[in-house]
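Visitor: This is the structure I want to talk about, given as structure tokens.
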Amino acid sequence: MQRQIPLLLIVIAAILLSPAATPTPASTPSGGLDPTVIAAMITSAVAILAALIAGGFVVYQQRKNAEQARENAQLQHKQAQEIAHLQQELQEQAQTKERERQRKEMNAGAALAAMQRATTLAERAQAYRDSLRADPRIARLQILDMDRPLEVTNVYVRVRLHQESKVLYEGLLNELICILTSGISIGK
């Protein structure tokens, strides 16, 4: 109904703005139409054309609005599905973290119990190694921009022992002892 009001206003405005029919001196009947009648017909035709254009615009706008509303509804539905999916992923991650925490607590408790049960030095050393692996504060290494911590048991460090170092150290130590016992001052 609201869309018909502008159409009605256009028709009324076209009629009101058309030139008023004024009496003219009688012309000779030559088989033609009176110019005022022709002007009124042209004005009516223009008013009808304007009404049709306005009506076409209204129909076009309604279709466009309906299409836009349908697209908005689809977008909202898609976003709602994506949000639900992300919430589900977050819940799964939280559950995984909780299970991991509980597993670590159980491992830490088992390692502590094993340390208390150990009687020999070898058993105590093995229990200590196991407790170190179970403790998340020690067993994992995370440096600055690392996405996730690294298990210390997965880190390989190459270690080489040199026999010469010990000999060199003992040699320097013996020289120092000789110097000190002979009474020679070091700060000459």
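Read-outs: derived from the displayed coordinates by stated rules, not from any lab. Note that this is a predicted model, so its numbers are computed, not measured.
Visitor: Search the structure for amide H atoms under 5 Å from the amide H of residue 140, placed 1.01 Å from N in the peptide plane, and list their residues when 5 or more places away or on another chain.
Guide: Under 5 Å from the amide H of residue 140: 152.
Visitor: Under a no-solvent Debye model with one identical scatterer per Cα of segment 99-138, what's log10 I(q)/I(0) at q = 0.18, 0.20 Å⁻¹?
Guide: Values returned for q = 0.18, 0.20 Å⁻¹ are -0.44, -0.53.
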